[in-house]
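Report on the structure given below.
The values are calculated or read from the model by the stated rules, or taken from the named source; none is laboratory data. Fair warning: this is a prediction, and the values are worked out from it, not measured in the lab. Reconstructed Cβ throughout: ideal geometry from the backbone, glycine too, with neighbour counts over all protein chains shown.
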Ligand SMILES: [Zn+2]
């Protein structure tokens, strides 16, 4: 029995205990891939279930399907973790009458929770596209595009004696992360002036005046927009002043710690035909759609797991010889042709599922490392409804 008195029954009927709650798993995921990094249309997070329930066995899949749910039920899982959210748009009813609501109903009836990490997991260093890049053997991998309009500069004015504790609080709350560096900030010294009113409770000086002059530090640091409320709250808790003076400025610099897609280099350049063979075998799709010259040498490769066709221009601008992503439209293939009709970049579409299947491994590895006491399974089913038909002979 667990100290909090919760039991869980496994598929074999044995009772076992676990102290890992769904909330703890969600918190770990969201430290890694903050929800605030998700695209505006997205709906990641806990989709179905009680956050305070315990988990001793979980199942990881790219998509939620009836087969995945059957697998979760028969193997005694309490939680399914997927990349693609099941519920994108609000449900009017929870009935058996549609694919999505029927699955939501069955999950709830089975007492199985569903958690999804989608475009937030696409957007972090080491996320979906980095996993795809590693799977294809790319090295020196970085984001294809960093997130724009994702940063602000936070400036506060602190009595010199308190600057270290305020700076520490800002860093602990996640401010000042630039690429591989954390705790990035700048301070300059000066003099702060103020006159406390009679109702004030000043940290320096007395209520009702006289005017004060205080040695202060101007402390400035970059903060991701999604984290601003947390950082401001931490700053106010650590700051000695009753009225914490701070300014927020827009920053035009891209955010180096978040982005979409990835770009890297093959150890040895190969011809496009050999590269297509590698992609086909690695991603297990025998029918790749592509445009390109089969004799062209490929060294620099951009990738984006899932639907990344709108980033073709970014891949070209980054100097990629090839760009691998899914859901490339017919007309997008035309967009990379030069005036002679020759492709200026090799575009390769291995299929949406095939380009993201590695996400199951990515999430599984993360969960096994973070929660070794929970038994983690990977689905044995191919969750994609799309198949390729190879005619016999
Ligand atoms: Zn996807």
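Among 190, 179, 137, which is the only one that is within 22 Å of residue 243 (Cα to Cα), away from the ligand (no atom under 16 Å from the Cβ), in contact (Cβ under 8 Å) with a residue 24 or more places away in the chain and surrounded by fewer than 19 Cβ atoms within 10 Å (Cβ to Cβ)?
Within the list 190, 179, 137, the selection yields 190.
Among the numbered criteria (1) in a loop (DSSP other than H, G, I, E, B); (2) within 16 Å of the ligand (Cβ to nearest atom); (3) under 19 Å from residue 83 (Cα atoms), which one does residue 328 miss?
(3)
For segment 217-225, does any single residue satisfy the condition of being over 18 Å from residue 246 (Cα atoms) and either in contact with a strand residue (DSSP E or B) (Cβ under 7 Å, 6 or more places away or on another chain) or surrounded by 13 or more Cβ atoms within 10 Å (Cβ to Cβ) (or both)?
The answer is no; no qualifying residue exists.
Among the candidates 64, 16, single out the residue that is more than 16 Å from the ligand (Cβ to nearest atom) and either within 17 Å of residue 106 (Cβ to Cβ) or at pLDDT below 95 (or both).
Among 64, 16, only 16 is more than 16 Å from the ligand (Cβ to nearest atom) and either within 17 Å of residue 106 (Cβ to Cβ) or at pLDDT below 95 (or both).
Could you list, in sequence order, all residues of segment 94-125 that are within 21 Å of residue 224 (Cα to Cα), surrounded by fewer than 21 Cβ atoms within 10 Å (Cβ to Cβ) and in contact with a helix residue (DSSP H, G or I) (Cβ under 8 Å, 6 or more places away or on another chain)?
Scanning segment 94-125 gives a single hit, 124.
Answer yes or no as to whether residue 83 is under 21 Å from residue 376 (Cβ atoms), in contact (Cβ under 8 Å) with a residue 24 or more places away in the chain and within 16 Å of the ligand (Cβ to nearest atom).
yes
For the structure I just gave you, tell me whether residue 85 is under 30 Å from residue 254 (Cβ atoms) and assigned to a loop (DSSP other than H, G, I, E, B).
Criteria met by residue 85.
Considering 202, 210, which residue is surrounded by 12 or more Cβ atoms within 10 Å (Cβ to Cβ) and assigned to a loop (DSSP other than H, G, I, E, B)?
202
Considering only segment 268-312, state which residues are away from the ligand (no atom under 16 Å from the Cβ), under 22 Å from residue 337 (Cα atoms) and free of Cβ contacts under 8 Å to residues at least 12 places away in the same chain.
274
Would you check if there is a residue in segment 333-347 being within 16 Å of the ligand (Cβ to nearest atom) and either surrounded by fewer than 20 Cβ atoms within 10 Å (Cβ to Cβ) or outside the structural domain of residue 55 (by TED's automatic domain parsing) (or both)?
no
Look through 339, 282, 325, 332 and report the one residue that is over 23 Å from the mean Cα position of the chain (by Cα) and under 30 Å from residue 381 (Cβ atoms).
Criteria check complete, one pass: 282.
Would you mind stating whether residue 91 is surrounded by fewer than 24 Cβ atoms within 10 Å (Cβ to Cβ) and either within 15 Å of the ligand (Cβ to nearest atom) or under 19 Å from residue 305 (Cβ atoms) (or both)?
no
So residue 198 fits all but one of (1) at pLDDT below 95; (2) within 27 Å of residue 30 (Cα to Cα); what number is the exception?
(2)
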